[in-house]
Amino acid sequence: MSRAGKGLVEVRLAGRTMKIEHAWVGMDDPDAPLAIFLHEGLGSVALWKDWPARVCDAGGLRGLVYSREGYGASTPRPHDERWPPTFMHAEAQDALPALLAALGVAPRYWLVGHSDGGSIALIHAARFPERVAGVVAIAPHVMVEEVALASIARARDAWQSTDLPVRLGRYHADPASAFFGWNDAWLSPAFRDWSIEDMLGAVRCPVLAIQGTDDEYGTLAQVERIRDRVPSAVLLVLDGCGHSPHRDEPDALARAVTDFISRHELAPPPPGGLQ
């Protein structure tokens with residue numbers, strides 16, 4: 001597989017066809033380790049800016065960046081469709097495998113996920129342990145905290161009272177699709193009981209879990225619960241950093257990611273092969 005820049009790929013899922021925006025960055029070398037970047041709840045290919053490319057160039061990686069359905073230039077979410085509390089499970093277990101099949105991506109790949117993308121990465125690694133070389137989970141969610149719900153409610157107020165729709169329009173073809181898919185799902189009463197803690201024990205790959213001390217969407221309890229349930233997990237706590245370390249501390253985060261992947265790529269495989 002060679003790198004082909006940006007584009008749209010058709011993905012067939014649940015009886016319908018969607019177009020998914022994606023971009024290849026980093027090394028144009030089929031033998032280089034592949035890192036797949038999974039964006040946050042309001043993210044997209046464009047909102048990552050150049051950080052994935054910087055990581056891949058520094059670490060000698062191939063990189064795949066994509067916008068989930070409803071985001072960026074991908075097929076928008078129908079405005080009358082409300083995502084259920086299991087929307088991240090569906091992305092991890094159904095949509096991501098369908099995208100990788102459409103692009104011809106074979107297992108073994110690294111997942112670098114931010115926020116909701118970090119949760120999706122962990123779910124995918126638990127569901128398909130044989131496919132994933134490792135996970136970098138940046139400000140992930142493994143359960144619902146009041147601090148997150150309060151910040152998400154403030155985001156709804158900002159949508160209604162500020163230029164947030166205009167600003168999101170720079171990164172999404174349909175900003176309302178992106179915003180309300182995420183916001184409605186998180187603020188639904190049914191979502192309060194959402195958790196992936198019971199899945200974490202099925203994660204077999206190395207995990208680097210990263211949290212900022214000033215994250216307005218989650219506390220250190222998120223990564224501590226990953227550490228308690230995933231024997232391979234190591235934590236990185238960034239002092240004074242908010243919810244988006246790739247914007248607040250881009251260089252420190254890039255070094256941590258490339259060092260982590262390099263260390264495990266060079267390590268001998270575990271007895272019995274990749275688990």
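Where a number appears in this text, it was derived from the coordinates with a stated rule and is not lab data. Since this is a predicted model, take the numbers as computed values, not measurements. Cβ: placed from backbone, ideal geometry, glycine included. Neighbour counts: every protein chain shown.
Results for (1) closer than 20 Å to ILE152 by Cβ; (2) touching a residue at least 24 places away in the same chain (Cβ under 8 Å); (3) among the small types (Gly, Ala, Ser), shown as yes or no for each residue.
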{"position": "ALA173", "(1), (2), (3)": "no, yes, yes"}
{"position": "PHE180", "(1), (2), (3)": "yes, yes, no"}
{"position": "ALA190", "(1), (2), (3)": "yes, yes, yes"}
{"position": "ILE196", "(1), (2), (3)": "yes, yes, no"}
{"position": "ARG204", "(1), (2), (3)": "no, yes, no"}
{"position": "GLU224", "(1), (2), (3)": "no, no, no"}
{"position": "VAL237", "(1), (2), (3)": "no, yes, no"}
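Cβ-Cβ contacts under 7 Å between residues 6 or more apart (or on different chains), taken from a first residue in region 46-60 that is small (Gly, Ala, Ser) to a second residue that is surrounded by fewer than 22 Cβ atoms within 10 Å (Cβ to Cβ), are listed as ALA46/TYR171; ALA58/ALA254; ALA58/THR258; GLY59/THR258; GLY59/SER262; GLY60/MET27; GLY60/ALA32. Among the conditions (1) touching a residue at least 60 places away in the same chain (Cβ under 8 Å); (2) in contact with a helix residue (DSSP H, G or I) (Cβ under 8 Å, 6 or more places away or on another chain); (3) closer than 24 Å to HIS246 by Cβ, ARG108 misses just one, which is (2).
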